[in-house]
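Scroll down for the structure; my scribbles are underneath it.
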Amino acid sequence: MNKHNNQPNKDSANEISSHPNAIYLKNLHRIQSEIKELCLLNGRKENACKLLPVTKTISTNIIEYLCKNKEFLFGENKIQELKMKYETLKPEGALWQFIGHLQTNKVKDCIRFSEMIHSVDRIQLGQALDKELQRQGRSMEILVQVNTSGETSKFGVQPEEALELVNKLRMFETLKIKGLMTLAIFSEDVGKVRSCFRKLKEISEQILCEAPNHVEMKELSMGMSSDYKIAIEEGSTIVRVGQSIFGPRSTPNSYYWHEG
Ligand SMILES: *Cc1c(COP(=O)(O)O)cnc(C)c1O
């Protein structure tokens, strides 16, 4: 992992606006333009990849500032935290996509507070979501999370089981499958990181070919602070970035990704 990418950019003093939260807006805008440049450099359309700012551990006052500056969409990893932020920031117009491991007993809250779920990785979860969505007369955009790193500590369906899971999830009319999501291996070895992203793209192409009826696979949610540039080169359409915007987090990654 490239540690330098986790540091928010402290630019020359004369450019820093007086508001203490302006630095985060500036970082966010900087990364948005970088994403556009990278897309063009890689022969993709300028807007082919979107930034999802990840706000876990980030205070509501910072998020409120971003909303006031027309940034409304955020990613959260824990339902408890999402709930607290929803209650405080919904009036500001904030919207959330859920990117964390979802337990079936938290499905109801997740549906209430989010407009897309990146992390559907098992049929039981699909079932629980469908049941609650039917009750509420709603539908939900979802991504299927695939474990491309081979690490047991990461959530996600195994690559060779992804097609079967997508085919089962498609039976639920309330679930609008939009594509796939992954977390790459944490490694200094760029080649290993890149092969996780390649694998996700291959799986999505395979699903497009082999799924019996039409299935949408237009989103690839892959890339975070340490590796989003590689992910964009490999076709990412959504990068989920926290630390490069907001600075290093004190909570370890294991708090978010390891089972148990
Ligand atoms: C926290 C998180 C990210 C963003 O990680 P950063 O290192 O802060 O960029 C991306 N994806 C998921 C699932 C996360 O939980």
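The values are calculated or read from the model by the stated rules, or taken from the named source; none is laboratory data. In this text the structure is predicted, and so the values were computed from the model without any measurement. Cβ sites come from the backbone with ideal geometry, for glycine too, and all protein chains shown count toward neighbours. Ligands, DNA and RNA are stripped out before the accessible areas are found, and what is left, the full protein with its side chains, is counted by its heavy atoms. Shrake-Rupley method; radii C 1.70, N 1.55, O 1.52, S 1.80 Å.
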(request) Of all residues in the stretch 220-260, count the ones that are touching a Gly at 6+ places or on another chain (Cβ under 9 Å), open to solvent by 20 Å² or more (accessible area, probe 1.4 Å) and more than 8 Å from the ligand (Cβ to nearest atom). (result) 3
(request) Check off (1) open to solvent by 30 Å² or more (accessible area, probe 1.4 Å); (2) farther than 22 Å from Gln136 by Cα for Asn105 and give me the number that stays unchecked. (result) (2)
(message) Of everything in the stretch 80-95, what is away from the ligand (no atom under 13 Å from the Cβ) and either over 18 Å from the mean Cα position of the chain (by Cα) or open to solvent by less than 60 Å² (accessible area, probe 1.4 Å) (or both)? Give them in sequence order.
(response) Met84, Lys85, Tyr86, Glu87, Thr88, Leu89, Lys90, Pro91, Glu92, Gly93, Ala94
(request) Inspect the stretch 158-181 for any residue being assigned to a loop (DSSP other than H, G, I, E, B) and within 14 Å of the ligand (Cβ to nearest atom) and give the result as yes or no. (result) no
(request) Scan the stretch 61-79 residue by residue and report those that are surrounded by 16 or more Cβ atoms within 10 Å (Cβ to Cβ) and in a helix (DSSP H, G or I). (result) Ile62, Ile63, Glu64, Tyr65, Leu66, Cys67, Ile79
(message) Criterion first (among the aliphatic types (A, V, I, L, M), within 16 Å of the ligand (Cβ to nearest atom) and not in a loop (DSSP other than H, G, I, E, B)) does Leu125 satisfy it?
(response) yes
